[in-house]
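Working notes for the structure below.
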């Protein structure tokens, strides 16, 4: 798949201090680049009321992604630690 990065995603990664979380993110991005669809990635769940937005669980963090061009291009939206505010924008 083709991967795009939002400004919010870049900010989240820049603020991230957890080295293990960064390593998990790098592995996940590599898996996404090599995958033909999100069905090949584990722990993918659609976000309610947002038809093209999904979350991918990696430990205590969530990677929010959005389909841009069918099943070929995805945009990495945010990488956030799971808490009560993680999905605030999407409710």
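The values are calculated or read from the model by the stated rules, or taken from the named source; none is laboratory data. Keep in mind that this is a model prediction, so the values were computed, not measured. For neighbour counting, all protein chains shown are included, and Cβ atoms are generated from backbone atoms with ideal geometry for every residue, glycine included.
Among the residues of region 1-29, those identified as more than 17 Å from residue 74 (Cα to Cα), over 12 Å from the mean Cα position of the chain (by Cα) and assigned to a helix (DSSP H, G or I) are 11, 14, 15, 19, 20, 21, 22, 23. The residue of region 46-57 that is modelled with the highest pLDDT, among those that are out of contact with any strand residue (DSSP E or B) (no Cβ under 7 Å at 6 or more places or on another chain) and surrounded by 11 or more Cβ atoms within 10 Å (Cβ to Cβ), is 57.
Do the conditions hold for residue 32, that is, is it within 10 Å of residue 1 (Cα to Cα), outside any loop (DSSP other than H, G, I, E, B) and touching a helix residue (DSSP H, G or I) at 6+ places or on another chain (Cβ under 9 Å)? The answer is yes for residue 32. Close Cβ contacts (under 7 Å, 6 or more residues apart or on different chains) running from residues in region 42-64 that are in contact (Cβ under 8 Å) with a residue 12 or more places away in the chain and on the phi > 0 side of the Ramachandran plot to residues that are part of a strand (DSSP E or B) and surrounded by fewer than 18 Cβ atoms within 10 Å (Cβ to Cβ) comprise 43/57. Pairing each residue of region 1-28 that is in contact (Cβ under 8 Å) with a residue 60 or more places away in the chain and at negative phi with any residue that is in a strand (DSSP E or B) and loosely packed, with under 11 Cβ neighbours inside 10 Å, provided the two are 6+ apart or on different chains, yields no C-beta distance under 9 Å. For region 35-45, a residue qualifies if it is in a helix (DSSP H, G or I) and buried (at least 16 other Cβ atoms within 10 Å of the Cβ), and exactly one does: 38. Among the residues making up region 52-66, those that are over 18 Å from residue 6 (Cβ atoms) and outside any strand (DSSP E or B) are 59, 60.
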